[in-house]
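Asker: My questions will all concern the structure given below.
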Amino acid sequence: MKTTSVFGLTTALAAAAASPLAAQDAVGIDEKVNQVFADLTGPFVSLIFAPFPGTSFPWIVMWLVIAATVFTLYFGFVQFRFFKHAIQLVKGDYSDPNDAGEVSHFQALATALSGTVGLGNIAGVAVAVGIGGPGATFWMILAGLLGMASKFTECTLGVKYRNEYDDGTVSGGPMYYISKGFSELGLPGGKILAVVFSVFCILGALGGGNMFQANQAHAQISGIVGDYPGWITGIIFAAVVFAVIVGGIKSIANVTEKVVPFMGILYVGAALVILIVNYDQIGWAFGQIFAGAFTGLGVAGGMVGALIQGFKRAAFSNEAGVGSAAIAHSAVRTKEPITEGFVSLLEPLIDTVVICTMTALVIVISQQMIINPETGNYMLNEAGTAIATVDGNSGVALTSAAFASGISWFPYVLAIAVVLFAFSTMISWSYYGLKAWTYLFGESKTSELVFKVIFCIFIVIGAAASLGPVIDFSDAAIFAMAVVNIFCLYFLMKLVKTELSSYAARLDSGEIKKFTH
Amino acid sequence: MTVKLVVGLDGTETGDRALAFAKDLASKIDASELIAIYVIEWSPFTFQTADENAKRHLRREEEIDLATSRIVEPAVAALRSAGFNARGIVRHGDVAETLDKLTVENGGSQIIVGRASADGFTKRMFGSSTQNLVMHASVPVTVVG
């Protein structure tokens, strides 16, 4: 997911509020709105991001990591046992040629990835490594590998319990598998939980999937062209998103959907170039990652600090357990729902294990983070909250500086990538929010239009104002989705186990065969 | 033994010329069957939005209906009324690859297509479907100018 730390955002806002400029704005409408929202939503946000007593470890991160571990063990390390099979499915080896023209496994995976790869991989990793040191990467990779099992579980259910309508369209996601799955198992409360999930999904879509993206996109653009009012960016973004989701202007969506993967490939390619040029330092960088994972190498909080940052960023980046991917993956055409589960487990691998690790390696190798030559440990900044960097950079600026040390013009490409990633995330989340909305209010054209218009209005608000509490609340809503989703997955996972056993047996017996292409 | 001739249709005049040539050829063979195939250009490796994915099945049905009613059925009907043994197939996929695969699957002994109708730039960049077919086909290919 393309969010940076809500904690970092809150800190930044607190710092801004302390400045004379912010004091002048204190009487402004923005500030009043902030205050009202903060008062209304504060307890909810605090609850979701509350740390375990006596630690700074948010319980929601532990909730996601424990779930991922449970699913990994329950399904017997499915992410490793069926990894090769997942690749074969994406390649189309098991796709019936008579189904050509339907949504392929590759397309469902690419669509889901376009909703997750983005700011989380660029800015989030820099936050993790900047605070938790290189060791955070180790825990991030571990969390990514475990998260593959969460995705597998939710996406299998997403396809199995989707709604297929007479006109050939489909709707799927946690709200459908929660209500149908609970009813199938004779469990009470499925409908209520599905409604609660949908409410959180709509709030998450409008916030983290929309306002936060618009806000970050404006920050990037104004960082290059100079400061200007955010509502201008908001109006432009809203107009383009409106044209795509309401006007059905496919050409814009088509261009985005082609450019975004290209930007992703360019990003990974640039990281690879930097790593190849500095190949002699890769061993050292991995040494730092392993050493830092267990000693902390002097970072604030030591080994635990590295672990918290790594787990937190991985969970925030790949959305495993949140339930959003189940909505995206449910459109695939397959007779075996579990095949989409196998394909979806590649998502945290690509997002977290590959792309996030690339970013982390580039940051470590670029030596933007200052090492004390005497101790070999990292030096902390003046506040003692993060590792000191060469130019005092953090977040996306640190990633940008790290890439610039290898490829001087890359920050411009990165800025464009951030804006495009933000746009593609908005398009993806507009769909996730819409599916939750239509689950609650029905699949009529009017109902859909109402949500789409609301969605576009929130883009303008998100870009125009620094509504910190609103964004905090929206991020909290996304993770609240995970609270409901994972709670339900614990009850529903036996349904996935039945599918897995049946499929594995038929695959072994040769009943499920490759098609010759 | 029935000789099966595959005709690649593309909804243009060049496809019609290929059809005319195939008729001429089939009329000289004692037992023949003409298989008219229209391939809807499609790749499983393109990028789509979630909304497009959700509506894809519906669009696919529409595309197949359109290709069948506008291109393949009229061609097959015309062939049958002229006394030929004929049938039609519509399939999504890479044009050259799918045409070849369907020919092999259906026991076709020859493919007859019109010459390239792609525009200059596309043709220079990627080669036309006809060029690709000629280079990779499993059976003889006749290209009608």
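Asker: Do we find a residue being open to solvent by less than 30 Å² (accessible area, probe 1.4 Å), out of contact with any strand residue (DSSP E or B) (no Cβ under 7 Å at 6 or more places or on another chain) and within 26 Å of A:GLU257 (Cβ to Cβ) anywhere in the stretch A:388-396?
Answerer: To start, the set of residues in the stretch A:388-396 that are open to solvent by less than 30 Å² (accessible area, probe 1.4 Å) comprises A:388-389, A:395.
The next check asks that each one be out of contact with any strand residue (DSSP E or B) (no Cβ under 7 Å at 6 or more places or on another chain); those that pass are A:395.
Remaining after also requiring within 26 Å of A:GLU257 (Cβ to Cβ): none.
No, because not a single residue in the stretch A:388-396 is open to solvent by less than 30 Å² (accessible area, probe 1.4 Å), out of contact with any strand residue (DSSP E or B) (no Cβ under 7 Å at 6 or more places or on another chain) and within 26 Å of A:GLU257 (Cβ to Cβ).
Asker: I want to confirm something. Restricting to the stretch A:136-160 and keeping residues that are farther than 18 Å from A:LYS497 by Cβ and of a type in the set (Gly, Ala, Ser), which single residue is surrounded by the fewest Cβ atoms within 10 Å (Cβ to Cβ)? Full working, then the answer.
Answerer: Step one: list which residues in the stretch A:136-160 are farther than 18 Å from A:LYS497 by Cβ, which gives A:136-145, A:147.
Of the ones still in play, those that are also of a type in the set (Gly, Ala, Ser) are A:136, A:143-144, A:147.
Values: A:ALA136: 32, A:ALA143: 28, A:GLY144: 30, A:GLY147: 33.
Within the stretch A:136-160, the match that is surrounded by the fewest Cβ atoms within 10 Å (Cβ to Cβ) is A:ALA143.
Asker: Restricting attention to the stretch A:239-294, which residues are touching a Lys or Arg at 6+ places or on another chain (Cβ under 6 Å) and either crowded, with 17+ Cβ neighbours inside 10 Å or under 25 Å from A:ILE371 (Cα atoms) (or both)? Spell out the reasoning first.
Answerer: As a first pass, look at the stretch A:239-294 and keep what is touching a Lys or Arg at 6+ places or on another chain (Cβ under 6 Å): A:245-246.
Correct list: A:ILE245 only.
Asker: If you don't mind, there's one more thing I want to ask. Mind counting the residues in the stretch A:488-511 that are buried (at least 16 other Cβ atoms within 10 Å of the Cβ) and either assigned to a loop (DSSP other than H, G, I, E, B) or within 14 Å of chain B (Cβ to nearest Cβ) (or both)?
Answerer: 0
Asker: Using beta carbons and a limit of 6 Å, which pairs, at least six apart or on different chains, have the first residue in the stretch A:432-457 and at positive phi and the second one open to solvent by 60 Å² or more (accessible area, probe 1.4 Å) and not charged (D, E, K, R)?
Answerer: Pairs found: none.
Asker: So which of A:ALA360, A:ALA300, A:ALA320 is part of a loop (DSSP other than H, G, I, E, B), on the phi < 0 side of the Ramachandran plot and in contact with a Pro (Cβ under 9 Å, 6 or more places away or on another chain)?
Answerer: Numbers: A:ALA360 fails: part of a loop (DSSP other than H, G, I, E, B); A:ALA300 fails: in contact with a Pro (Cβ under 9 Å, 6 or more places away or on another chain).
Exactly one of A:ALA360, A:ALA300, A:ALA320 is part of a loop (DSSP other than H, G, I, E, B), on the phi < 0 side of the Ramachandran plot and in contact with a Pro (Cβ under 9 Å, 6 or more places away or on another chain), namely A:ALA320.
Asker: Taking A:PHE83, is it more than 12 Å from every other protein chain (Cβ to nearest Cβ), surrounded by fewer than 13 Cβ atoms within 10 Å (Cβ to Cβ) and either among the aromatic types (Phe, Trp, Tyr) or within 21 Å of the chain's Cα centre (by Cα) (or both)? Show your work before the answer.
Answerer: Numbers: more than 12 Å from every other protein chain (Cβ to nearest Cβ): yes; surrounded by fewer than 13 Cβ atoms within 10 Å (Cβ to Cβ): no; either among the aromatic types (Phe, Trp, Tyr) or within 21 Å of the chain's Cα centre (by Cα) (or both): yes.
Answer is no for this residue.
Asker: Has the stretch B:110-130 got any residue that is surrounded by 17 or more Cβ atoms within 10 Å (Cβ to Cβ), assigned to a helix (DSSP H, G or I), more than 12 Å from chain A (Cβ to nearest Cβ) and at pLDDT below 90?
Answerer: yes
Asker: Being under 21 Å from the mean Cα position of the chain (by Cα), at pLDDT 85 or above and closer than 24 Å to A:VAL196 by Cβ is the filter here; which residues of the stretch A:437-473 pass it?
Answerer: A:TRP437, A:PHE455, A:PHE458
Asker: Scan the stretch B:33-51 for residues that are within 7 Å of another protein chain (Cβ to nearest Cβ) and of a type in the set (D, E, K, R) and jot them down.
Answerer: If the condition is that a residue be within 7 Å of another protein chain (Cβ to nearest Cβ) and of a type in the set (D, E, K, R), then B:ASP51 is the only one that fits.
Asker: While we're looking at this one, here's another question. Report, by residue number, each residue of the stretch B:15-29 that is of a type in the set (A, V, I, L, M, F, W, C) and part of a helix (DSSP H, G or I). Show your work before the answer.
Answerer: So the first thing to find is which residues in the stretch B:15-29 are of a type in the set (A, V, I, L, M, F, W, C), and the list is B:18-22, B:25-26, B:29.
Once the filter is applied, which keeps residues that are of a type in the set (A, V, I, L, M, F, W, C) and part of a helix (DSSP H, G or I), the stretch B:15-29 yields B:ALA18, B:LEU19, B:ALA20, B:PHE21, B:ALA22, B:LEU25, B:ALA26.
Asker: Sticking with this structure for a sec: Which is within 14 Å of chain B (Cβ to nearest Cβ), closer than 30 Å to A:LYS180 by Cβ and not hydroxyl-bearing (Ser, Thr, Tyr), of A:ILE252, A:ILE245, A:ILE192?
Answerer: Numbers: A:ILE252 fails: closer than 30 Å to A:LYS180 by Cβ; A:ILE192 fails: within 14 Å of chain B (Cβ to nearest Cβ).
Just a single option satisfies the conditions, and that option is A:ILE245.
Asker: Looking only at the stretch A:195-217, how many residues end up being modelled with pLDDT under 85 and open to solvent by 10 Å² or more (accessible area, probe 1.4 Å)?
Answerer: The total comes to 2.
Asker: Could you count how many residues in the stretch B:55-68 are crowded, with 19+ Cβ neighbours inside 10 Å and either aliphatic (A, V, I, L, M) or more than 7 Å from chain A (Cβ to nearest Cβ) (or both)?
Answerer: Looking only at that region, the number is 1.
Asker: Inspect all residues belonging to the stretch A:425-436 and state whether any of them is in contact with a Gly (Cβ under 6 Å, 6 or more places away or on another chain), at pLDDT below 90 and either in a helix (DSSP H, G or I) or more than 24 Å from A:ILE338 (Cβ to Cβ) (or both).
Answerer: So the first thing to find is which residues in the stretch A:425-436 are in contact with a Gly (Cβ under 6 Å, 6 or more places away or on another chain), and the list is A:425, A:428-429, A:435.
Remaining after also requiring at pLDDT below 90: A:425, A:428.
Filter again for either in a helix (DSSP H, G or I) or more than 24 Å from A:ILE338 (Cβ to Cβ) (or both), leaving A:425, A:428.
Within the stretch A:425-436 (the criterion being in contact with a Gly (Cβ under 6 Å, 6 or more places away or on another chain), at pLDDT below 90 and either in a helix (DSSP H, G or I) or more than 24 Å from A:ILE338 (Cβ to Cβ) (or both)), the answer is yes, since at least one residue qualifies.
Asker: Of the numbered conditions (1) more than 14 Å from A:ILE486 (Cα to Cα); (2) touching a residue at least 60 places away in the same chain (Cβ under 8 Å), A:LYS180 satisfies every one except a single condition; which is it?
Answerer: (2)
Asker: Which numbered condition trips up A:GLY172, out of (1) open to solvent by 10 Å² or more (accessible area, probe 1.4 Å); (2) modelled with pLDDT under 95; (3) in contact with a Lys or Arg (Cβ under 7 Å, 6 or more places away or on another chain)?
Answerer: The single condition A:GLY172 does not satisfy is (1).
Asker: Here's another thing I want to ask about it. Modelled with pLDDT of 90 or more and open to solvent by less than 40 Å² (accessible area, probe 1.4 Å): is that true of B:ALA78 in this structure? Steps first, answer last, please.
Answerer: Working: modelled with pLDDT of 90 or more: yes; open to solvent by less than 40 Å² (accessible area, probe 1.4 Å): no.
The answer is no for B:ALA78.
Asker: Now for a different question. In the stretch A:119-135, is there at least one residue being within 14 Å of chain B (Cβ to nearest Cβ) and open to solvent by less than 20 Å² (accessible area, probe 1.4 Å)?
Answerer: Going residue by residue through the stretch A:119-135, those that are within 14 Å of chain B (Cβ to nearest Cβ) are none.
Looking for residues that are within 14 Å of chain B (Cβ to nearest Cβ) and open to solvent by less than 20 Å² (accessible area, probe 1.4 Å), one finds none in the stretch A:119-135, hence no.
Asker: If A:THR334 meets every condition in (1) open to solvent by less than 30 Å² (accessible area, probe 1.4 Å); (2) under 30 Å from A:GLU102 (Cβ atoms) apart from one, which number is that one?
Answerer: Result: A:THR334 fails condition (1) only.
Asker: Name every residue in the stretch A:88-105 that is within 20 Å of A:GLY158 (Cα to Cα) and hydrophobic (A, V, I, L, M, F, W, C), in order of residue number.
Answerer: Scanning the stretch A:88-105 gives A:LEU89, A:VAL90, A:VAL103.
Asker: Another one. Can you work out which of the residues in the stretch A:323-336 that are in a loop (DSSP other than H, G, I, E, B) and within 24 Å of A:TYR94 (Cβ to Cβ) is farthest from the other protein chains (Cβ to nearest Cβ)? Even if it seems obvious, please write down each step before you answer.
Answerer: We begin by selecting, within the stretch A:323-336, every residue in a loop (DSSP other than H, G, I, E, B); these are A:323, A:330-336.
Pick out the ones that are also within 24 Å of A:TYR94 (Cβ to Cβ) and you get A:330-336.
Details: A:SER330: 8, A:ALA331: 4, A:VAL332: 8, A:ARG333: 6, A:THR334: 12, A:LYS335: 13, A:GLU336: 16 Å.
This residue is A:GLU336.
Residues checked against (1) of a type in the set (Asp, Glu); (2) under 17 Å from the mean Cα position of the chain (by Cα); (3) over 30 Å from A:ILE371 (Cβ atoms):
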position	(1), (2), (3)
A:ALA68	no, yes, yes
A:GLY92	no, no, yes
A:GLY115	no, yes, yes
A:ILE122	no, yes, no
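Asker: Only one of these conditions is not met by B:PHE21: (1) open to solvent by 30 Å² or more (accessible area, probe 1.4 Å); (2) at the interface with chain A (Cβ under 9 Å from one of its Cβ atoms); (3) not basic (Lys, Arg). Which number is it?
Answerer: Of everything listed in (1) open to solvent by 30 Å² or more (accessible area, probe 1.4 Å); (2) at the interface with chain A (Cβ under 9 Å from one of its Cβ atoms); (3) not basic (Lys, Arg), B:PHE21 misses just condition (2).
Asker: A follow-up question, please. How many residues, within the stretch A:120-135, are at pLDDT 90 or above and either closer than 9 Å to A:THR359 by Cα or among the aliphatic types (A, V, I, L, M) (or both)?
Answerer: 1
Asker: Let me ask another. Given the conditions (1) assigned to a helix (DSSP H, G or I); (2) within 12 Å of chain B (Cβ to nearest Cβ); (3) modelled with pLDDT of 90 or more; (4) open to solvent by 10 Å² or more (accessible area, probe 1.4 Å), report the number of the one that A:GLN107 does not fulfil.
Answerer: Among (1) assigned to a helix (DSSP H, G or I); (2) within 12 Å of chain B (Cβ to nearest Cβ); (3) modelled with pLDDT of 90 or more; (4) open to solvent by 10 Å² or more (accessible area, probe 1.4 Å), the lone unmet condition for A:GLN107 is (4).
Asker: On to the next question. State all residues of the stretch B:30-54 that are open to solvent by 50 Å² or more (accessible area, probe 1.4 Å) and either farther than 30 Å from A:VAL260 by Cα or assigned to a strand (DSSP E or B) (or both); if no residue qualifies, say none.
Answerer: Those that are open to solvent by 50 Å² or more (accessible area, probe 1.4 Å) and either farther than 30 Å from A:VAL260 by Cα or assigned to a strand (DSSP E or B) (or both): B:ASP30, B:GLU41.
The values are calculated or read from the model by the stated rules, or taken from the named source; none is laboratory data. This is a predicted model, so every value here is computed, not measured. Counting neighbours? That spans all protein chains shown, and the Cβs are built from the backbone with ideal geometry, glycine included. Heads up: the accessible areas ignore ligands, DNA and RNA and are worked out on the full protein's heavy atoms, side chains in. Shrake-Rupley method; radii C 1.70, N 1.55, O 1.52, S 1.80 Å.
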